[in-house]
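Just so you know, all these numbers are worked out from the coordinates, no wet-lab data involved. Source: prediction; values computed, not measured. Ideal geometry is used to build each Cβ from the backbone, glycine not excepted, and the neighbour counts take in all protein chains shown.
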């Protein structure tokens, strides 16, 4: 069939069917031509589609989705599984940084020298935190010169620092001595020990001892101790007196019957704590003025990491521990004796206790003991003898904060390194004052972290003598005072309670 015939056939087909079929070249266009016909942004997108990056992105998105699903499952399980929740907290706690300590400025400063004090022997909060009571001397410090100096008691407003009133207790005490012990002569020297508030806040108790100088022979009695009870305004109520008996360490008074109790109220032996088990650390008031020792299970060298047990307030509290304001020290040598390193750590606290009903008062509660610090070798028996600590009981390190302070002490030959310690009554925060560097800091008892620095007055005031530094929390734990002759004033800080 020639070309003309072929054309005729096609024409014939066209005549038979109105449909038109057109066959074109179905070959793909040249790639270069296609690239030229597509814009630049589209060419980049097509190149990415063909690359391996798309596979990587898809894989990454799948992994992220898997992690998200696992987190949802973990959070769902932690709501019903405390172990998982605790684990999450431990992980976050390990990565948590120690917060920086805050600086707290003083709120009130009291200058007792402006009101006639030359030396302050003791100071105490009232139980409602409204007042502070001071006892001391007017001309000099009997504690230093062992000579008679006129005594003075004053009451201040704890919020404003204003003097409320004052009185002189010597005449009442000496008159009672002359009445009851007329045979005693000589020059009396009065040593004021403690001043305390009753739980009702209507009475003050002032404990003291009296020593007579130049007593004519034959002198059978020359030492006395007692307590002066007054109303808050200073009006004397009564004086209880007793002749000194064989270096009694502590004495308890029945204030309702005006007599001294004969029964030992704390423990057998010369020292209230020295001959008791170190586990017996908490006092509780029992019947008839007895003080019972409650048992706490503790170890000597490993402090509790969650130690929030109450320290308590001995002035009117139902119970209180031995951890009242006191001194921690590190001794490496006594006199010219042998040096022992790292040395012996000691504890010394000295306070009074007044029963909640106001009837019984214990004076001269003296707590002395020593510590052993972890990671340090124990001292030998001979070393304890050389350092004069062979009769001190081994006490537990109460908490991590105390352990931290002990490890900061640096004992030098023939030198005692020490700090004044006071715990908040709830036992959660510890204040430590280094009277060498004059640093006062607060520490969290559970972690040992320093949480605050208490700023001292920039200029020291002159006029106070003596060495009886005082550091006391208010009964509710919201305020703290420091009395130090180097500062020359009693300084009060407002402390935000821990939450």
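Summary of values
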{"read-out": "Length added when fully stretched, residue 231-residue 455, from 0.36 nm per residue minus Cα-Cα", "value": "77.1 nm"}
{"read-out": "Pairwise Cα inverse-distance average, inverted: Kirkwood Rh of the range 338-489 (Å)", "value": "17.5"}
{"read-out": "Length-normalised contact order for the range 344-499 - Cα pairs under 8 Å, 6+ apart - percent", "value": "13"}
{"read-out": "The range 97-239 - percent relative contact order, Cα under 8 Å, separation 6 or more", "value": "18"}
{"read-out": "Simple spin-label estimate for residue 63 and residue 294 in nanometres, 7 Å along Cα-Cβ", "value": "5.7"}
{"read-out": "Hydrodynamic radius of the range 120-199 per Kirkwood, over alpha carbon pairs, in Å", "value": "14.0"}
{"read-out": "Pair residue 382, residue 438: separation of 7 Å Cα→Cβ label points (nm)", "value": "4.4"}
{"read-out": "Distance in nm between pseudo-label sites at residue 287 and residue 129 (7 Å out along the Cβ direction from Cα)", "value": "3.7"}
{"read-out": "Cα-only radius of gyration and Dmax that characterise the range 343-420, units Å", "value": "15.5, 48"}
{"read-out": "Taking N as its residue count, the alpha carbon Rg of the range 394-454 over 2.2 N^0.38 Å", "value": "1.12"}
{"read-out": "Ranked list, fewest to most other Cβ atoms within 10 Å of each Cβ, for 315, 309, 254", "value": "254, 309, 315"}
